[in-house]
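Q: Take this structure first; my questions come after.
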Amino acid sequence: MNFQKVVEEFQVMGSNLVDKVKELIHEGNVQRIIIKNEQGFTLVEIPVTLAAIGLIAAPILAAVGAIAGIVTKCTLVVERREPPPAP
């Protein structure tokens, strides 16, 4: 089955960043999360397929927490793989 890539963007306050990333990791169909600052520069790219493995998730969430401490508002770019719509 061919999956299509869907990209979404969310504006998130730094104080909510860790919770939103945790939520996205647990969704299951998310491939990658990119965190950008207010100027649009990429701060970190997280391949969620690796983050879903519990041992790797803790250091990633620690890094996201550190980013949350230095940004007031950021953009989350979320890449998902979804099956194509039924004909």
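The values are calculated or read from the model by the stated rules, or taken from the named source; none is laboratory data. The model shown is predicted, which means the values in this text are computed figures rather than measured ones. Positions of Cβ are generated from backbone atoms using ideal geometry, with glycine treated the same way; all protein chains shown enter the neighbour counts.
Q: When residues of the range 40-54 are filtered for being at pLDDT below 60 and of a type in the set (A, V, I, L, M, F, W, C), how many remain? Before the answer, list the steps.
A: Here is the first cut: in the range 40-54, the residues at pLDDT below 60 are 50-54.
With of a type in the set (A, V, I, L, M, F, W, C) added as a condition, the list becomes 50-53.
Residues flagged as at pLDDT below 60 and of a type in the set (A, V, I, L, M, F, W, C) within the range 40-54 amount to 4.
Q: Examine the range 2-23 for a residue that is surrounded by fewer than 12 Cβ atoms within 10 Å (Cβ to Cβ), among the acidic types (Asp, Glu), modelled with pLDDT of 85 or more and outside any helix (DSSP H, G or I), and state whether such a residue exists.
A: Yes, the range 2-23 contains at least one residue that is surrounded by fewer than 12 Cβ atoms within 10 Å (Cβ to Cβ), among the acidic types (Asp, Glu), modelled with pLDDT of 85 or more and outside any helix (DSSP H, G or I).
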